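These notes concern the structure reproduced below.
The values are calculated or read from the model by the stated rules, or taken from the named source; none is laboratory data. All values derive from a computational prediction rather than experimental measurement. In this analysis, Cβ positions are derived from the backbone assuming ideal geometry, glycine residues included, and neighbour counts consider all displayed protein chains.
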Amino acid sequence: MDIIRKVHHKHVRGKDGLYHCPYCDRKIKNQNTLSSHIRAKHNEICGWPNKHNCPHCDYSSNLKTCLNQHIDRHHRQIKKSCSLCEKSFKLNGVYSHMYNIHISISDRRRDISAYKQGRILFEKMCE
């Protein structure tokens, strides 16, 4: 039986006040962010096995969030169409399109994000 030893790091701030990755040149402000970086980018060196495998290709990751981002970027073919001009968009790009193209500047609200305003308009058009 092969025993995997996980490397645990004691992160120390450099003279510049940043945490330095021991495996690459990356410098990070937050200790937890550095730990996540090491697990995501240098996991095999540290003995963290990839336990999340992509069902569509041979990509694998130690972090499930990285796998989900990979699937969204590379394998999702979900398309949404704009009901006003019939253009198709990948994932939620239609919301940005609705905001940028179909909401006039005078009707835009500052208290709600552009994404949310586009989503509201899209949902109204789908009713």
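Quick look at the values:
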| quantity | calculated |
| --- | --- |
| Checking Lys80 against (1) of a type in the set (D, E, K, R); (2) surrounded by 11 or more Cβ atoms within 10 Å (Cβ to Cβ); (3) not in a strand (DSSP E or B), the condition it does not meet | (3) |
| Residue count for the stretch 50-75, restricted to those that are part of a loop (DSSP other than H, G, I, E, B), touching a strand residue (DSSP E or B) at 6+ places or on another chain (Cβ under 9 Å) and modelled with pLDDT under 85 | 4 |
| Output for the stretch 27-52, where each listed residue is within 17 Å of the chain's Cα centre (by Cα) and within 15 Å of Gln69 (Cβ to Cβ) | Ser36, His37, Arg39, Ala40, Lys41, His52 |
| Filter pass, Ser35 being outside any loop (DSSP other than H, G, I, E, B), among the hydroxyl-bearing types (Ser, Thr, Tyr) and surrounded by 15 or more Cβ atoms within 10 Å (Cβ to Cβ) | yes |
| Residues that are surrounded by fewer than 13 Cβ atoms within 10 Å (Cβ to Cβ) and in contact (Cβ under 8 Å) with a residue 12 or more places away in the chain, drawn from the stretch 56-71 | His56, Cys57, Lys64 |
| Selection from the stretch 101-127 of residues that are crowded, with 16+ Cβ neighbours inside 10 Å and part of a loop (DSSP other than H, G, I, E, B) | Ile103 |
| Unmet requirement for Ile78, which otherwise passes all of (1) touching a Leu at 6+ places or on another chain (Cβ under 9 Å); (2) within 30 Å of Met125 (Cβ to Cβ); (3) modelled with pLDDT of 80 or more | (3) |
| Hey, Val7 at pLDDT below 70, outside the structural domain of Leu67 (by TED's automatic domain parsing) and farther than 22 Å from Ile71 by Cα or not | yes |
